[in-house]
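Structure first, then comments.
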Amino acid sequence: MFHSRVKALHQAQSNPLLHWTNLTNLQTYHTLRRPNKPNTKPRRERPHRAAAKLLRKPIPFVSDVKQTHGPEDALSLFREYHEMGFKHDYPSYSALIYKLARNRNFEAIETILGHVRDRNIHCKDTLFIALFQHYAKANLINKAIQLFHEMNTYNCVRTLQSFNSLLNVLVDTDRFSDANEIFGRCSQMGFRPNSISYNIMIKGWLKKGEVEEARKVFDEMLERKVQPSVVTYNSLIGFFSRKGELEEATYLLEDMRQKGKYPNAVTYALLMEGLCMVGKYEEAKKMMFDMAYRGCKPRLVNYGVLVSDLGRRGKIEEAKALLQEMKKKRFRPDVVIYNILINFLCKEGRATEAYKVLIEMQVGGFEPNAATYRMMVDGFCQTEDFEGGLKVLIAMLTSKHCPRLETFERLVTGLLKCGNVDGACFVLEEMENRNLELCCDVWEAPVVAACGEDSIAGDTMTEVISAH
């Protein structure tokens with residue numbers, strides 16, 4: 001049992017409250033002149049640091065580069081400002097790099113980073129943390145590791161935050177052996193792991209199903225006087241809940257209470273998810289009353305667990321009814337809740353109904369995110385409504401979101417099959433703008449359909465496509 005290893009913890013002292021200046025009341029104050037000090041000068045109150053940041057003038061290039069549509073436009077704007085005599089410094093370079101990273105133009109990023117290093121421009125670690133995440137999304141993990149080791153060469157001090165960020169990227173991309181190796185050398189790098197570091201490693205071991213190793217990390221935390229947080233407990237409770245070991249998960253819940261760690265809505269959501277997995281939906285729903293009784297107000301994440309379970313079991317109407325029940329209790333469903341419902345509707349081939357839910361979401365004041373659009377485009381493609389998928393794609397691109405390559409491929413193939421050549425060309429142009437290409441296998445179906453049984457024409461088309 002996991003609790004056999006749990007040791008006594010000391011409650012953390014609460015941090016002192018920070019008193020912030022009300023920015024709306026900022027003004028210049030003058031001292032009253034005293035008769036015996038006729039030469040006293042008016043004293044000006046210094047603005048609060050947060051206020052000073054708000055009053056700081058925006059940098060023209062940084063403001064303009066955010067409005068550009070693609071990496072080429074951003075690079076051209078950078079050159080234009082340089083030619084006009086504008087001196088680019090860290091804010092300019094970082095804004096440009098962020099723009100290039102979002103468009104996955106990593107070749108240009110390396111060039112820009114070279115300029116940054118040559119000019120010895122002082123950089124913040126937040127820039128590199130963002131690049132770790134973008135490299136991870138593009139499956140360029142080795143680049144992220146290399147950049148972490150080279151941070152000092154960019155006039156930037158490696159911090160524990162950047163160390164933890166790299167650890168998290170490695171764990172999330174299934175490069176746990178690299179994460180474990182780097183974690184083992186943390187003291188050599190001058191870092192003392194904090195609760196976040198240990199939480200990431202516990203998450204990694206649990207992801208591999210190595211609960212004994214996770215226990216060792218937990219014990220190490222206690223030995224080094226690093227207090228486990230609610231996140232630590234949530235990782236363990238979530239693991240046992242998903243394994244169906246609810247007794248162990250419930251014990252951990254009681255243990256964290258005894259140690260002065262208050263369970264949050266996520267803690268209860270994980271337990272509710274475990275109950276739903278073993279078919280105890282009603283008990284999961286009842287837990288929302290129990291948590292409220294114990295002083296933890298239910299959140300949308302708890303309703304999300306119930307909506308997901310209903311959708312997974314095909315009880316869409318009950319899921320819709322639960323949404324109405326939420327609204328009566330003054331809980332506004334957010335994008336995540338709507339996405340859950342849209343996802344299950346699309347999976348059941350009910351893309352038209354899912355689209356109505358999307359409209360309802362927008363009317364309620366919530367903007368669809370990238371996941372919403374992707375599910376809708378894929379949902380329309382699944383029902384072979386490629387015209388509907390194209391409309392959603394246009395809205396998606398207008399909102400500056402981008403589908404996966406697979407979604408682009410399905411849409412191009414479908415539009416060509418149904419004879420919408422203009423629509424297919426539009427999608428191909430958008431792919432080209434994002435440096436995405438269709439592979440030969442994807443071209444095979446529309447080529448065969450276009451050429452019919454003319455095998456020679458088909459072979460010729462295949463040869464032409466291969467050449468490009």
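Any read-out appearing in this document is the output of simple, stated calculations on the displayed coordinates, not a laboratory observation. These numbers come from a predicted model, not from an experiment. Here Cβ is always computed from backbone atoms with ideal geometry, including for glycine, and neighbour counts include all displayed protein chains.
What the table shows:
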item	result
Around M272: net Lys/Arg minus Asp/Glu count, Cβ-Cβ under 13 Å	0
Packing-based ranking, highest mean first, of 99-111, 338-350, 397-409 given that Cβ atoms within 10 Å are counted	338-350, 99-111, 397-409
Neighbourhood charge, 13 Å Cβ-Cβ cut-off, centred on E247 and excluding it, Lys, Arg +1 and Asp, Glu -1	-3
Under Karplus coefficients 6.51, -1.76 and 1.60, residue-wise ³J(HN,Hα) of segment 97-103 in Hz, glycine/proline x	5, 4, 5, 5, 5, 5, 9
Listed peptides 376-384, 284-292 by packing density, highest first (mean Cβ within 10 Å)	376-384, 284-292
Rounded to whole Hz, the Karplus (6.51, -1.76, 1.60) HN-Hα couplings of segment 221-230, x for glycine and proline	4, 5, 5, 8, 6, 9, 6, x, 9, 4
Under the Karplus curve 6.51 cos²θ - 1.76 cosθ + 1.60, θ = phi - 60°, whole-Hz ³J(HN,Hα) for segment 163-170, x wherever Gly or Pro sits	4, 5, 5, 5, 3, 5, 4, 5
Residues C123, C418, sorted so that the one with the fewest Cβ neighbours within 10 Å comes first	C418, C123
Kirkwood estimate for segment 321-374, i.e. one over the average of 1/r between Cα atoms, Å	11.3 Å
Summed residue charge, Cβ within 14 Å of Q188's Cβ, Lys/Arg positive, Asp/Glu negative	+2
